1. Calculate the spin-label point distance for Arg383 paired with Ala194, positioning each point 7 Å from the Cα along the beta-carbon direction, and give it in nanometres.
2. Among rounded, prolate and oblate, which fits region 108-180 when a ≥ b ≥ c are the square roots of the eigenvalues of its C-alpha gyration tensor, a/c under 1.5 means rounded, and a/b larger than b/c means prolate?
3. Given a Förster distance of 41 angstrom, what is the FRET efficiency for Gln87 paired with Arg41, based on the Cβ-Cβ distance and rounded to 0.05?
4. If you count, for each residue, the other Cβ atoms within 10 Å and average over each peptide, how do 101-108, 273-280, 366-373 line up from highest to lowest?
5. Multiply the residue gap between Val283 and Ala142 by 0.36 nm, knock off their C-alpha separation, and tell me the result in nm, one decimal place.
6. Would you kindly state how much longer the chain becomes between Glu227 and Leu259 on full extension, computed as 0.36 nm times their sequence separation minus their alpha carbon distance, in nm to one decimal?
7. Take peptides 46-52, 232-238, 125-131, 71-77 and line them up by average Cβ neighbours within 10 Å, highest first, as a rough protection proxy.
8. Asp106 to Arg66: FRET efficiency via 1/(1 + (r/R0)^6), r the Cβ-Cβ distance, R0 22 Å, to the nearest 0.05?
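We did not get these values from a lab; they are worked out from the coordinates using the rules stated. What you are looking at is a predicted structure, and each value in this text was computed from that prediction instead of being measured. For neighbour counting, all protein chains shown are included, and Cβ atoms are generated from backbone atoms with ideal geometry for every residue, glycine included.
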Amino acid sequence: MSAPIAPLLSRRDVIAGCAALGLATAADAAGEPGLAEVAARRGILFGSAVAWGGQGSDTGSFANPRYAALLERDCAVLVPENELKWQATRPGPRLFDFARMDAIADYATDRHMRLRGHTLFWVPPQWYPDWLRDHDFGSRPAQAVEAMLVEHVRTVCARYGSRIFSYDVVNEAIQPETGAIRDTVVTKALGGEAMLDLLFHSARAEAPHAQLVYNDYMSWERGTEDESHIRGVLKLLEGFRKRNTPVDALGVQSHIRLLKSDPVAAIVKESAGPWRRFLDEVVAMGFDLVITEFDVNDRKAPADIAARDGAVADYAQAYLDIMFSYPQLREMLVWGLSDRYSWLEGFDPRADKLPKRGLPYDREFRAKPLRSAIARALAGAPRREPLRPAG
Ligand code: 9MR
């Protein structure tokens with residue numbers, strides 16, 4: 001009997017060899033379970049932002065077959081990157097347009113994926129549709145704004161019913177530099193707190209099945225603005241609890257940033273303690289946590305691709321390990337899957353002008369070390385009770 005023949009190269013050797021050559025392999029993800037499956041074993045729902053199908057095939061949309069293949073491998077939940085924002089759905093004060101959002105909702109339903117609603121109201125005026133920015137609310141602005149917001153929530157919630165299981169009811173209400181509620185034509189008319197409360201109460205009434213989330217980009221990096229942003233969000237959450245405002249979870253956007261060239265371990269060491277104290281306070285008030293928009297801004301990470309991808313992966317895993325140590329975190333969404341379509345490309349460019357690499361797949365849809373880091377963080381997460389089904 002002949003001895004079994006050892007394979008010339010194991011799968012691990014192939015992957016290590018490719019990594020040494022700086023090559024991402026499609027094979028490193030293809031043979032492995034999708035991220036949604038890895039996450040589900042731990043009671044976590046994993047997914048991504050997606051765009052609608054109308055802008056042509058080279059987009060981060062389900063209508064792009066190469067992108068759809070990634071979505072269908074890795075995602076159990078989708079969120080529209082832009083299509084449920086007022087900019088998309090509210091072409092005029094009395095007009096609604098849901099064509100783009102409907103396309104995404106239909107795709108998610110057909111593929112048995114869940115759907116998050118981003119967002120019922122995005123507070124900073126720079127993101128309002130033009131007509132709203134300097135809208136004349138007449139002689140009784142408080143009543144007019146109230147009617148407008150309630151109509152909006154009612155219309156969206158009625159249209160999507162139990163198809164949307166979780167809403168970012170309010171997005172980015174806090175001014176990071178001051179920690180106060182932003183002052184806008186809409187918040188002014190009603191008062192900031194009253195306006196936010198109105199949105200959450202309306203969402204609870206119109207979508208009683210849904211998880212209601214306050215979503216913001218306060219981040220674990222330690223800059224002055226990050227401190228005041230965090231303090232402002234905590235104060236806001238305390239106010240919600242005091243006034244019995246129906247808010248279920250804090251959406252932690254998680255656009256994490258490598259903005260220093262220090263070693264990753266040093267940055268993590270500086271951030272971890274204060275970030276945990278923040279999360280401890282949030283969950284102590286009874287809020288769940290949701291990672292709503294994860295990606296990594298690699299602006300100051302090394303230019304060399306292998307070194308950069310390694311730093312991004314290490315930074316992400318350190319962050320996610322902390323996040324998943326909280327059983328109150330049961331959803332993680334990335335803000336896109338491929339660097340080819342990332343919003344980071346047009347934002348805060350690198351000094352060397354190299355393309356950013358902050359998402360799990362590169363511009364040619366090949367899995368990167370960041371995908372493996374996410375998979376490891378998910379696989380290492382303590383098992384938790386999954387979110388109750390919608391409806
Ligand atoms: O990624 C989104 C980009 O395509 C849009 O142009 C932009 C304005 O609508 O919004 C980006 O998404 C943001 C999200 O809605 C809220 N948190 C920050 C995200 C990145 O800017």
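1. 5.0 nm
2. Note, shape of region 108-180 comes out oblate.
3. Rounded to the nearest 0.05, the efficiency is 0.65.
4. So the order, starting with the most tightly packed, is 366-373, 101-108, 273-280.
5. My answer for the length gained is 47.4 nm.
6. 9.9 nm
7. So the peptides 46-52, 232-238, 125-131, 71-77, ranked by packing, come out 46-52, 71-77, 232-238, 125-131.
8. 0.60
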